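Worksheet for the structure shown next.
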Amino acid sequence: MTFLKLREVQLALLTVALILLVGWRAPVFLSGGSLANLLTDSTLLIMMALAQMLVLVTRGVDLSVASTLALSGMLAALLASQHPELPLLLVMLTAAGIGLLLGLVNGYLIGYLQLPPIVVTLGTMSVYRGLVFVLSGGAWVSSHQMPPEFIAFPLSRLFGLTHLVWIAAVAVLAAWYLARHSRFGRDLYAIGNEPASARYVGIPIAQRLLWTYGLSGLMAGLCGYLWVARYAVAYTEIAYGFEFTVIAACVIGGISIAGGSGSVAGAVLGGLFLSVIGNALPVVKVSPFWQGALTGAIILTAVLINSRGGLGKGRQILPLHKIQPQARRSGT
């Protein structure tokens, strides 16, 4: 069994143990309704972590996902409130399309102009968050301004599960196929492991990065609608700071920030683990101020485990832009 698979098994067992421990102290936590709410609450984080995983695999990072989510969600809410006659599917596709466009902007700057991902996405994070305020005029879009079907869709049930859960399940299957059974996914791992070699064998790195960040934006755009409809409100600080929670879920799930390694299962388990913590602390009456400290400690522990597991592998963290020619040995 590889270290990555062992890590996923350990995280799954730890998550189950945490649920049982909280349930032992507060039995209501183990009720069917509570576990169903936990599953529903974890869906948006899991979906965002899946997209962030693809970015991290390429040695990149997308800090603009929460701002993309906020802008797409706000525009979807404004569109639905001003044009309630529009079909819900069209509103959802509009939100996803806006997210895709914003993600492609990141991908173009990073892939084709070869700008550092952290700098690009930090800049667009501020730009997109500012646009939320500009386009909304700082006003809220509350539940009574949104069409009933707009709000009802995420929590409506199909075969006993909410639409949020079904959408997340489809996202998990799509990410699994993309990462493990498509040429696109294999190219992303190759780029993250050895970018110079990937370029040498003809992998279109710029194109792959363009669409990787595009997919990240697409997922954030879809989650923008789901977030606004789930909580029935849109305001300028939607999902403020959520990008760090998404990255934390990936790191906890064993996805290397140095690129080249990570799995869909790890992203799912990392998101689920953080959701369990977020839902468990209020149940056991722990101060919410401790949640950030506890999450930070878990992230540091996860990074330590990841770094120790990667010792001796010779992985490079910074991308290689040029290959220095080897000097010919004399006398051979």
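Secondary-structure-derived ellipticity at 222 nm for the chain, considering helices only, amounts to -23500 deg cm²/dmol, per-run term -39500 (n - 2.57) for DSSP H runs with n ≥ 4. In the elastic network of the chain, a GNM with C-alpha springs shorter than 10 Å, the most mobile of Leu88, Leu11, Leu104 is Leu88. In terms of the Cα gyration tensor, with a ≥ b ≥ c the square roots of its eigenvalues, is the range 161-265 rounded because a/c is under 1.5, prolate because a/b exceeds b/c, or oblate? Since a/c reaches 1.5 and a/b is larger than b/c, the shape of the range 161-265 is classed as prolate. Computed extension gain for Ser197 through Ala12, at 0.36 nm per residue and net of the alpha carbon distance, reaches 63.1 nm.
Taken one residue at a time, the phi angles of the range 40-55 give Karplus couplings (6.51, -1.76, 1.60, θ = phi - 60°) of 5, 5, 7, 5, 5, 5, 5, 4, 5, 5, 4, 5, 5, 4, 4, 5 Hz. Gly and Pro are set to x. For the peptides 245-252, 37-44, 69-76, 96-103, the ranking by packing is 69-76, 245-252, 96-103, 37-44, with the highest mean count of neighbouring Cβ atoms within 10 Å listed first.
With K and R counted +1 and D and E -1, the other residues having a Cβ less than 10 Å from that of Thr121 yield a net charge of -2. A cut-off of 5 Å between modelled amide H atoms, ignoring neighbours fewer than 5 places along the same chain, links Arg59 with Gly259, Gly260.
Subtracting the Cα-Cα distance of Gln82 and Val119 from their residue separation scaled by 0.36 nm leaves 9.7 nm. Here the range 34-272 exposes an accessible surface that is 70 percent carbon and sulfur, computed with a 1.4 Å probe and the other protein chains kept in place.
You can think of it this way: the chain between Tyr177 and Ala26 has 50.5 nm of extra reach, that is 0.36 nm per residue less the Cα-Cα gap.
Electrostatic tally near Val165: other residues with Cβ closer than 15 Å to its Cβ, Lys and Arg +1, Asp and Glu -1, net +1.
The values are calculated or read from the model by the stated rules, or taken from the named source; none is laboratory data. A quick note: this is a predicted structure, and the numbers were derived from the prediction, not measured. Counting neighbours? That spans all protein chains shown, and the Cβs are built from the backbone with ideal geometry, glycine included. To get the accessible areas, we keep the full protein, side chains included, count just its heavy atoms, and leave off ligands, DNA and RNA. Shrake-Rupley method; radii C 1.70, N 1.55, O 1.52, S 1.80 Å.
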